[in-house]
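**Q** Here you go, one structure.
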Amino acid sequence: MIEKRIIADVNNERLDSYISKSNLDLSRSMVQKLIKENRVFVNGKNEKESYKIKVNDNITIQIEEPKSSKLEAQDIPLDIIYEDNDIIVINKPKGMVVHPGNGNPDNTLVNAVLAHCKGSLSGIGGEIRPGIVHRIDKDTSGLIIVAKNDKSHINLSEQIKNHEVTKIYTALVKGNISEDEATIDMPIGRDKKDRKKMSVTRDGKEAVSHIKVVKRYGNYTLIRVKIDTGRTHQIRVHMAKIGHPVVGDEVYSSGKNEFGVKGQMLHSTILKFKHPISGKEIMLEAPLPQYFEDVLSKLDENE
C-alpha cells in the first residue's frame, strides 16, 4: 500500500470531486470506492464523499502499490529528443498509442520505452502505464515526457498540476481565423450523448487554450496553441466548438479534407519544464512530421 497526500487549497468542494481533480489519475468513481473502503483520511479521520473540504485540510489516500510491469518490451524505433538518468523525452509518431489498453495490447510507446530503458521506469503509473506522466492522443504526434523513476514522476506531476509545464502544439485547422491571437476558456467534460467523446459542457473541468495564428491559407489556418490545462482532446474539442476543427479529425469533424489526411493534424511541438531532479529549465522542440510539411508545401504552392 502506498499513500498519497494532498494539502487542500480550496474551500467547500466535495471531497470526492477535489481528489479526482488532483492529478493523481484517479477517476471520481475510483475515489468514491476508496472512500467507502475507508482508505481516504482527512486530518487523520475517515470522512464521507460529500464532506466539504477546507483550505489546509490534510488529505491522505491509500492506494494499492502498483504491480511490477508485466508488459512486453518491444524493440520499436524511437525518436529520442532528450534523455538522461531520470527522464526521456520522445517525439511520438502519429498512429502510435501511448500505453496498452482495450484493442491495443502491444506496439505502444510504453512497450518501446521498456525495451530502450531495460524496464527501468517509474512505477507510479501502474502496471500498464509505467513512466507515463502525461499523454497525447494516438493520432497526435510530438513530444511526450516519460519518467524513469518515482521521484521524477512525482515532481513532473506536480509541475503539470501547478501549470508550470509549457505545452505548445501546432495544428492545421479548417477555415480562416480572423484574430491573430485568441484565448478559449471553455470547460470540457464527457459528452452526455456519446461517452467516447468529450465536449464543452457547463459542469466540465476548466480548460484554457491560447491560440496564435502562424499563417493563413484561405480555407485553412496554421496555428500554435498553448494549453494551460491538459484535458482529454482539449485542443480538438475547443477548435471544433469555435467552428475551426483540426484537419483530419475524424471524431470532432467530418474528417474529410483535400489532402487525404486521416487523423488530426496536431503536433506537440514545444515542451518547457524544470528538470525534476536538477531544477534546470529545459526547453525542447520537435520538428513537424513529414506528412505535415508536405501538406503545408501544397498549400504554399496554391497561394
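Where a number appears in this text, it was derived from the coordinates with a stated rule and is not lab data. Predicted, not measured: the structure shown is a model, and the values here were computed from it. Glycine gets a Cβ as well: all are built from the backbone with ideal geometry, and neighbour counts include every protein chain shown.
**Q** According to the square roots a ≥ b ≥ c of the eigenvalues of the Cα gyration tensor, what is the shape class of segment 20-101, taking rounded for a/c under 1.5, prolate for a/b larger than b/c otherwise, and oblate for the remainder?
**A** prolate
**Q** Relative to the longest principal Cα axis of the chain, at what angle does helix 150-161 sit, 0 to 90 degrees, rounded to 10?
**A** 70 degrees
**Q** Taking the Cα centre of segment 222-296 as the origin and placing charges on Cβ (Lys, Arg +1; Asp, Glu -1), which of Met265, His233, Gln290 is farthest toward the positive end of the dipole?
**A** So the residue furthest toward the plus end is His233.
**Q** Need the C-alpha centroid separation for segment 275-303 versus segment 1-26, integer Å.
**A** Between the Cα centre of segment 275-303 and that of segment 1-26, the gap is 35 Å.
**Q** Run the simple label-point estimate for Asn12 and Ala73 please: 7 Å along Cα→C-beta, distance reported in nm.
**A** About 5.4 nm separates the two model spin labels.
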